[in-house]
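First the structure, in the form of structure tokens, and then the observations on it.
The numbers here are math on the coordinates, done by the rules we state, and not lab data. It should be emphasised that the depicted structure is a prediction, and the values quoted were computed from it without experimental measurement. Here Cβ is always computed from backbone atoms with ideal geometry, including for glycine, and neighbour counts include all displayed protein chains.
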Amino acid sequence: MKEKVIFLVDMQSFYASVEKVKNDEYKDKPLVVAGDPERRSGIILAACPIAKKFDVKTAETLWQALNKCPDLVIVKPAMQDYINVSIAISQIMEQFTDVIEPFSIDEQFMDVTGSQKLFGNEYEIAKKVQQKIMTDTGIYSRVGIGKNKILAKLACDNFAKKNENGIFKLDDSSMDRLWKLPIGKMFGVGRKMERHLQGMGIFSIGQLARTPIQTLRKRWGINGEVLWQTANGIDYSPVKPATHNRQKAVGHHMTLPRDYKKLDEIKTVLLELSTEVARRCRLKGYMGTTITCGIRGVDFDNPTGFHRQTTLPIPTNYDMDIFNAAFKLLLEFWDREPIRSLGVSITNLQTSDNYQIDLFDNYLNRENLNTALDAIWDKYGRTAIYRASSLTKAGQASERARKIGGHYK
């Protein structure tokens, strides 16, 4: 059986690169894309290579970045532009293969196993993909190559991004290079897991690869086995174009523009989030039974908050069902300390075309109300109609309607 050839194609500093393409005067300047510091979202979302030379890093605060590089060009995110470019890049990739799986807005897997007779070997195809993306969008991309998705991802993250040509293949002949890397460089290992592994005496990816799988499985169950397989470059999952078509959850989270201390203020935003989650469920044709509510306190040094869930007896995509469940969780688990952010989600999803009903609930009235609201929102936009509570100082519905994914369109 012919060995698979999988690419992970990653766009360099995607948001920042798009902004430089849009405005040529930024070409040779250190640029970052960051949220609005006045609304407490001044976090670096993307930094161009020039900014990174000043040690500016993604996810750090804007003030930290400015201390490192006072001449930074700061651009607010334009999410619709980034989405449009991402779609254009997907269409470019489809010229080389029809087996494409989005991994994020700036990363996509490609299975080019069957494309080699048309476009050459894996290196030739990778170069052609890079050139086509650069020619059509002005975005520089890097390509990790492997016989499966995890090897392609590891190749891209650890080697292709540092190669002059932006291409690297990770296979049996180059696994030693991977195994020498610190454990924190492995995909799937965050800071907390890194500390746990180091506590076990595992400091490199190679040490993890040589650790008996039974030891890891005993400590972390199936997740321990996944860690071992990742370290050894084992991945049986195929590239699936429809992987993300079926959602496991629908949720919405937001960082508040100021500390919210009063129950009524939090209640207002919780209702707005519940309304948005319900609307998204209906848009995607889902209902769910498990409602999750989470909040985060304002003190980063001494984190407070909660993340709890409850299960409803029948599936729903109605905002008040979601809100009432989330509000009960808030009343039970909130410590009455000021909060900085909150979120609501619904899981255990099923399609909304066939579901169990409650004989003692007038669900037809709710369905008619939902249908009317969705029709108004679809025709006139999200600010055409909303609850009066959203007009108070606590309300955020109007502000959120101007955003995609928490950032301005």
Helix 222-231: inclination vs the chain longest Cα principal axis, degrees, rounded to 10, gives 30 degrees
Going through 20/169; 29/153; 27/57; 169/240; 27/185; 117/169 one by one, the pairs whose alpha carbons sit over 23 Å apart turn out to be 20/169; 29/153; 27/185
Checked against a 21 Å limit on the C-alpha separation, the offending pairs among 2/147; 128/162; 76/267; 328/393 are 76/267; 328/393
Between the Cα axis of helix 122-137 and the main Cα principal axis of the chain, the angle (0 to 90°, nearest 10) is 50 degrees
Between the residues 174, 233, 371, the Cα farthest towards the positive end of the dipole of the chain, that dipole coming from +1 and -1 charges on the beta-carbon of Lys, Arg, Asp and Glu, is from 174
Volume per residue (Å³) of the convex hull spanned by the alpha carbons of the chain is 190 Å³
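Under a point-charge model restricted to the Cβ atoms of Lys and Arg (+1) and Asp and Glu (-1), what is the dipole moment magnitude of the chain relative to its Cα centre, in debye to the nearest 20?
Here the size comes out at about 620 debye.
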Length gained, residue 332-residue 25, 0.36 nm per residue minus C-alpha separation, equals 105.2 nm
Per the rule of 0.36 nm per residue minus the C-alpha distance, extending residue 83 to residue 171 adds in nm 28.4 nm
Quick shape summary for the range 249-408, equivalent ellipsoid via Cα gyration tensor, semi-axes whole Å in descending order, reads 26, 19, 13
Here the range 1-169 gives, from Cα atoms, an Rg and Dmax in Å of 16.8, 58
Computed over the chain, the relative contact order (Cα-Cα under 8 Å, seq sep at least six) in percent reads 14 percent
Calculated from DSSP helices alone, with each H run of at least 4 adding -39500 (n - 2.57) and the total divided by the residues of the chain, [θ]222 nm to the nearest 500 comes to -11500 deg cm²/dmol
Here the percent of antiparallel bridges among DSSP beta bridges lying wholly in the chain, to the nearest 5, is 90 percent
Largest fluctuation, 384, 155, 397 only, Gaussian network model of the chain with Cα springs under 10 angstrom, belongs to 384
Pseudo-spin-label distance residue 116 to residue 67, built 7 Å along Cα→Cβ, given in nm, is 5.1 nm
